[in-house]
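Following: one structure in C-alpha cells, then a few remarks.
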Amino acid sequence: MSWLSLHSQSKRGFSLGTSTASAEPEINLIPFIDVLLVVLIFLMISTTFTRYQELAITLPSANGSESQVDNKQVHIAVSSDGRFAINGKVVDRSQLTGALIQLSNQNGVSKDSASNVQVNIDADAKAPHQAVMSALEAARDAKLSNIVFSSQTKK
C-alpha cells in the first residue's frame, strides 16, 4: 500500500506529515505591520512639504528725471488677413523694409542711434504668424532693434 492510498482513506484531510487533526493555516500579522510601519516612516521622512515662500523685496528708489532722449516710434499694424500699415499708411509686404529704412532716415537716425527708434508691432490676434515674422524681419533688415509688441488687457 502506498502512502497516498493510506491517507486518502482517512477522513482527516490532507496534511504534510503532521499528525495533528486541527492544523489550520494562520496569517501572522506582526511582520506585515512591521513592513507597513517601515514604509510609512520612509514616506514620512522622504516627503518634502513645500511651503510657498514670498520674497520680501524692497525696490530701490531713484530721484532722477525722465530721460531726455526722445524715442521716436514707428507703428507697424498687421491686420487679420496679413496686410501691413506703417504709421497708418498701408504698405505692401515687399515694401515693408524699404519703408522702415526710409522712416528711420527721415528721423535722422544714424547707425549709432538706431536704438532710439522704437518699433511697435500692433498685430491682430488672428493675424498669420508669417505676417508677424515678416514685420520682425523688416525691422531687423532696417537695423532697428528696439521692438515692442502691443497687447491689451482682458476686461
In nm, spacing of pseudo-spin labels at N146 and M133 (7 Å Cα→C-beta vector): 2.8 nm
Estimated vicinal HN-Hα couplings, Hz - the range 144-149 in sequence order (Karplus 6.51, -1.76, 1.60; Gly, Pro = x): 9, 10, 8, 10, 10, 9
Ranked K72, K143, criterion: other C-beta atoms within 10 Å, fewest first: K143, K72
I121 long-range amide H proximity, modeled H, under 5 Å: I76, V148, F149, S150
Gain upon complete extension [L37, D81; 0.36 nm per residue less C-alpha separation]: 9.2 nm
Debye log10 I(q)/I(0) for the range 72-149, one point scatterer per Cα, at q = 0.25 Å⁻¹: -1.17
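Every number here is computed from the coordinates shown, using simple stated rules; none is lab data. Please read these numbers as outputs of a predicted model, since none were measured by experiment. Cβ: placed from backbone, ideal geometry, glycine included. Neighbour counts: every protein chain shown.
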